[in-house]
Structures are given as structure tokens and as C-alpha cells.
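The values are calculated or read from the model by the stated rules, or taken from the named source; none is laboratory data. Remember, predicted model here, so these are calculated numbers, not experimental data. Heads up, the Cβs are rebuilt from the backbone with ideal geometry, glycines too, and the neighbour counts pull from every protein chain shown.
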Amino acid sequence: MIRIALRLIALVSLAGAFAAAVIDGARSLADQKIEFTPMGRTLATAFPAKFAAMQAYVSARAPVLWDPVLLKLLYAPAALDLAVLGAALFYLAHRPAVPPGAGRRGR
């Protein structure tokens, strides 16, 4: 059940990465220069009140986590962040391979 949920979240994340890449590509073609949308701007546009509350909460509770870690993730392109998240979730949901000759049932 957990594998199915992880795969579903991974699939949605990869679909979001593809959509973000298409949007960035269309914007880059229209402006005649390469532009990437940062993850922070995407989250601030999608969830304005919750993003501000999350920023205040994390910077008050764990400033060490906010400055070096989360700021780098928020400045990275949204397509890259979502693609890495989707790939990591697919890796976690992967069923381990059965060695040849072992079969599925124990003897």
C-alpha cells in the first residue's frame, strides 16, 4: 500500500516537473533567453499564505536548516527539484530484485 502511494506521488511529481520544464521552455523561447522558474517562486505563487507561514516557522525554529539547505532548494529550478523528488520516490518504491533460482516463496 505504501509503495502504491509513493509511486503515485512520484508520478505526480514527475508530471509537475515535465509541466514546469515545458513552461520554462516556452517562456525561454518567447523571451529569446534561457529562464528557469525557481521553486520558491512557484510555491509562493501557488500557496502565498502557507509559504510565508512556513518561512517564518522554519526560520524561527531551525535557522540552520533554513539558510544553507532550504534556500538552495528554493532557488533551484522547479523542474529540477520536482524531477529529483520524483526519481527518489520511485527509487524508494522499487521492489528489490529476486535472485535467480530463489523464487518468490521460501522453501
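Selection of the stretch 48-107 for residues being more than 25 Å from residue 11 (Cα to Cα) and either hydroxyl-bearing (Ser, Thr, Tyr) or in contact with a His (Cβ under 7 Å, 6 or more places away or on another chain) (or both) yields 57, 59. All of (1) loosely packed, with under 11 Cβ neighbours inside 10 Å; (2) closer than 14 Å to residue 77 by Cα hold for residue 40 with one exception: (1). Restricted to the stretch 22-107, the set of helices (runs of 4 or more DSSP H) holding at least 2 residues that are more than 19 Å from the chain's Cα centre (by Cα) and not assigned by TED's automatic domain parsing to the domain that holds residue 1 comprises 48-61. The set of residues from the stretch 45-69 being crowded, with 16+ Cβ neighbours inside 10 Å and modelled with pLDDT of 90 or more is empty.
Criterion applied to 91, 75 was being at pLDDT 90 or above, surrounded by fewer than 16 Cβ atoms within 10 Å (Cβ to Cβ) and in contact with a strand residue (DSSP E or B) (Cβ under 8 Å, 6 or more places away or on another chain), and the one residue passing it is 75.
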